[in-house]
Amino acid sequence: MGIILPDPQKGKADGSQSQRATKATITADPSRQPTALAVVPSHIPESLRKSPRWVIWIWVWKGTKWTKVPVNARTGRPAKTNDATTWSDFDSALAAYQRGQAAGVGFVLALQR
């Protein structure tokens, strides 16, 4: 089942046009941090939750847009996709997210060296 969004081409019932923000207008505005989807642990497959390839991420304004920066859930320092020592287990990442230390959690898909 997909998400159904309002048609931006259709106006409001009173004939005026909708002022709905688009991804481009939100990500290009430093005063409007994007809203992340909530983490729902039961929606994440157990096989992924068991793998120690988790990071948390925070929103950071990078000059002209918002970007998601990976963070080590154990240390709070930047995480690297090419350095497994900066990753953690799912429970640590989830706990950091639930404490409000991050906007979300992420799974690292990079090859381990």
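Readers should treat all values here as calculations from the given coordinates under stated rules, not as data from a laboratory. In this text the structure is predicted, and so the values were computed from the model without any measurement. Note: ideal-geometry Cβ built from the backbone for every residue, glycine included; neighbour counts use all protein chains shown.
Counting Lys and Arg as +1 and Asp and Glu as -1, what is the net charge of the other residues whose Cβ lies under 11 Å from the Cβ of Trp61?
Neighbourhood net charge equals +2.
What's the local net charge at Arg49, with K and R +1, D and E -1, over the other residues with C-beta under 13 Å away?
-1
For a bin width of 5 Å, list the pair-distance distribution of segment 35-107 built from all Cα-Cα distances, rounded to whole %.
Computed distribution, short to long bins: 3, 18, 29, 24, 16, 7, 2, 0.
What nm value, rounded to one decimal, do you get for the distance between Asn82 and Leu48 when each label is placed 7 Å out toward the C-beta?
Reported label-point gap for Asn82 and Leu48 is 2.5 nm.
Skipping prolines and chain starts, which residues have an amide H placed within reach, meaning under 5 Å, of the one on Gly104, given they are 5 or more residues away or on another chain?
Here Trp57 satisfy the definition.
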